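Notes to accompany the following structure.
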Amino acid sequence: MKTRAAVAFEAKKPLEIVELDLEGPKQGEVLVEIMATGICHTDAYTLDGLDSEGLFPSVLGHEGAGIIREIGPGVTSVKPDDHVIPLYTPECRQCKMCLSGKTNLCSAIRETQGKGLMPDGTSRFSYKGETIYHYMGCSTFSNFTVLPEIAVAKIREDAPFKTSCYVGCGVTTGVGAVVNTAKVKPGDNVVVFGLGGIGLNVIQGAKMAGADRIVGVDLNPDKEEWGRKFGMTDFVNPRDVGNVVEYLVNMLDGGADYSFDCTGNTTVMRQALECCHKGWGTSIVIGVAEAGAEISTRPFQLVTGRNWRGSAFGGAKGRTDVPKIVDWYMNDKIQIDPMITHVLSLDEINKGFDLMHEGKSIRSVVVY
Ligand code: NAD
Ligand code: AHE
Ligand code: ZN
């Protein structure tokens, strides 16, 4: 079949809207009509050529929601007309990782996914006979996409696509890092670096968990108002204080119980660790740093009891947890609507990247 898609033909070039050829679902796969997709900073990072797994030409996008239109042989867990969210972290429920009870990082298809291919080692997308690569196993910047059955979460049908697509990455990543990875408890003090599409969800997760002080840190002063809307109690602009680590440690009587990096900047990651309380403070790396970047600190920071951890997709097991997070949204336990600052057509998708780089959007969503 044919599908309209925004294709990344080359790094650092705007996406081009073209009609692609799409092969139908094979064994264990489903065809999904994407109804809406968010634009995450990770899409921009890959488009900017900073992703060591970045491939071109490819169809980016990994924060979508849509409807199953066709199922391939052997598919049993979903059927046509089901509403689903594609999962860049699938959940096979059979691999060592899924069965460990210790991680959400399913390993069933990770190798081919990182090569821009379906589990059988081929792509379903092509343009004028040339292979176009998949991205993060999702490729939601295409109106239709093919996904493995284990990489879709079935969600309730009354959830609007325009907002629930955000659960496909940003909401789950931010809220999940608080409740699944850090396991923030009532009364804990939390510091969040980077108040974008992820950081604001960390803030609302911390508020939901009953955190006491929720300190937001951002270079963009406009983010203060955004943070306060979701439960931030204090705002710090690093440009207004001398040493941001010292400032936070003093402010929180020894430091944070939990801190979160939502910037992808390795200098910020170090600050996030070092603003943690001696003896127990834990810093969670969420931000994705460019290929080749490394983190550093004095080992003494760890010897004296600070912990450095990371979180992918908020530690959420996609097929199990994503439908529950959509329920939290539909039951007003968490907010999504105010964070969707821009709704665009596929033809306008490059504007969504510009708005992100200019710091003017929280989430831009493309509606097909
Ligand atoms: P975004 O562009 O919406 O927000 C980033 C925010 O960080 C902005 O408000 C910006 O002003 C702020 N910032 C940048 N440099 C800063 C600095 N030096 N100090 C303080 N604030 C600074 O991006 P997003 O969509 O929220 O994504 C944030 C990061 O999380 C990205 O690196 C993205 O790739 C990553 N991410 C990771 C996961 C995961 O599963 N681990 C999932 C989604 C996104
Ligand atoms: N491809 C990059 C790594 C990118 C990365 O860490 N991705 C996160 C999700 S970001 C969503 O916006 C993730 O899930 N990581 C775990 C995994 O298995 O990819 C690189 O450095 O090569
Ligand atoms: Zn993302």
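The values are calculated or read from the model by the stated rules, or taken from the named source; none is laboratory data. Worth saying up front: this structure is predicted, and the values here are computed from it rather than measured. Here the Cβ positions follow ideal geometry from the backbone for every residue, glycine too, while neighbour counts run over all protein chains shown.
Against the conditions (1) closer than 23 Å to GLU23 by Cβ; (2) of a type in the set (Gly, Ala, Ser); (3) in contact with a strand residue (DSSP E or B) (Cβ under 9 Å, 6 or more places away or on another chain), ALA182 satisfies every one except (1).
Kindly check whether there is at least one residue in segment 93-110 that is closer than 16 Å to SER142 by Cα and more than 16 Å from ligand 3 (Cβ to nearest atom). Break it down stepwise before answering.
From segment 93-110, those closer than 16 Å to SER142 by Cα are none; that's our starting set.
The answer is no; no qualifying residue exists.
Considering (1) in a helix (DSSP H, G or I); (2) loosely packed, with under 15 Cβ neighbours inside 10 Å; (3) of a type outside the set (Gly, Ala, Ser), the lone condition that GLU53 does not fulfil carries the number (1). Only residues that are within 16 Å of ligand 2 (Cβ to nearest atom), under 15 Å from PRO323 (Cα atoms) and touching a Ser or Thr at 6+ places or on another chain (Cβ under 9 Å) were counted in segment 137-170, giving 7.
For segment 1-30, give me each residue that is of a type in the set (A, V, I, L, M), over 18 Å from TYR88 (Cβ atoms) and in contact (Cβ under 8 Å) with a residue 60 or more places away in the chain. Explain how you work it out, then say what you get.
Applying the first criterion (of a type in the set (A, V, I, L, M)) to segment 1-30 yields 1, 5-8, 11, 15, 17-18, 20, 22, 30.
Applying the additional criterion that residues be over 18 Å from TYR88 (Cβ atoms) yields 1, 7, 11, 15, 17-18, 20, 22.
Of everything in segment 1-30, those that are of a type in the set (A, V, I, L, M), over 18 Å from TYR88 (Cβ atoms) and in contact (Cβ under 8 Å) with a residue 60 or more places away in the chain turn out to be MET1, VAL7, LEU15, ILE17, VAL18, LEU20, LEU22.
Screening VAL171 against (1) under 20 Å from VAL365 (Cα atoms); (2) in contact with a strand residue (DSSP E or B) (Cβ under 6 Å, 6 or more places away or on another chain); (3) not in a loop (DSSP other than H, G, I, E, B) leaves a single unmet condition, (2).
Out of GLY196, GLY187, report the one residue that is farther than 29 Å from GLU111 by Cα, part of a loop (DSSP other than H, G, I, E, B), within 16 Å of ligand 1 (Cβ to nearest atom) and not assigned by TED's automatic domain parsing to the domain that holds ARG110. Spell out the reasoning first.
Values: GLY187 fails: within 16 Å of ligand 1 (Cβ to nearest atom).
Criteria check complete, one pass: GLY196.
Kindly indicate which of GLY318, GLY314 is buried (at least 18 other Cβ atoms within 10 Å of the Cβ) and more than 24 Å from ILE67 (Cβ to Cβ). Before you say what the answer is, go through the steps one by one.
Details: GLY318 fails: more than 24 Å from ILE67 (Cβ to Cβ).
Residue meeting the stated conditions: GLY314.
Within segment 69-93, no residue that is under 13 Å from GLU33 (Cβ atoms) sits with its Cβ atom under 9 Å from a residue that is surrounded by fewer than 20 Cβ atoms within 10 Å (Cβ to Cβ) and at pLDDT below 95 at 6+ positions apart or across chains.
So which helices (runs of 4 or more DSSP H) stay within segment 212-321 end to end and still have 2 or more residues that are assigned by TED's automatic domain parsing to the domain that holds VAL84 and more than 12 Å from ligand 1 (Cβ to nearest atom)?
Values: elements: 223-229, 244-251, 266-274, 299-303.
No helices (runs of 4 or more DSSP H) qualify here.
Output yes when any residue across segment 254-273 is surrounded by fewer than 20 Cβ atoms within 10 Å (Cβ to Cβ) and over 15 Å from THR297 (Cα atoms), and no when none is. Within segment 254-273 (the criterion being surrounded by fewer than 20 Cβ atoms within 10 Å (Cβ to Cβ) and over 15 Å from THR297 (Cα atoms)), the answer is yes, since at least one residue qualifies. Taking into account only those residues within segment 116-144 that are under 24 Å from the mean Cα position of the chain (by Cα) and in a strand (DSSP E or B), which is nearest to GLY66 (Cα to Cα)? Out of the qualifying residues, it is PHE144. For segment 336-346, the condition holds for at least one residue, the condition being that it is touching a residue at least 12 places away in the same chain (Cβ under 8 Å), more than 16 Å from ligand 3 (Cβ to nearest atom), farther than 30 Å from SER77 by Cβ and assigned to a helix (DSSP H, G or I). Looking only at segment 73-85, decide whether some residue is within 16 Å of ligand 2 (Cβ to nearest atom) and aliphatic (A, V, I, L, M). Within segment 73-85 (the criterion being within 16 Å of ligand 2 (Cβ to nearest atom) and aliphatic (A, V, I, L, M)), the answer is yes, since at least one residue qualifies. Scanning segment 69-111 for residues that are assigned to a strand (DSSP E or B) and farther than 24 Å from ALA159 by Cβ gives no hits.
Kindly indicate whether GLU53 is touching a Gly at 6+ places or on another chain (Cβ under 9 Å), charged (D, E, K, R), near ligand 2 (Cβ under 10 Å from one of its atoms) and in the same structural domain as PHE9 (by TED's automatic domain parsing).
Details: touching a Gly at 6+ places or on another chain (Cβ under 9 Å): yes; charged (D, E, K, R): yes; near ligand 2 (Cβ under 10 Å from one of its atoms): yes; in the same structural domain as PHE9 (by TED's automatic domain parsing): yes.
Against the criterion (touching a Gly at 6+ places or on another chain (Cβ under 9 Å), charged (D, E, K, R), near ligand 2 (Cβ under 10 Å from one of its atoms) and in the same structural domain as PHE9 (by TED's automatic domain parsing)), GLU53 qualifies.
From the list GLY116, GLY129, GLY121, GLY101, the one residue that fits, being at pLDDT 95 or above, touching a His at 6+ places or on another chain (Cβ under 6 Å), surrounded by fewer than 24 Cβ atoms within 10 Å (Cβ to Cβ) and not assigned by TED's automatic domain parsing to the domain that holds GLY281, is GLY116.
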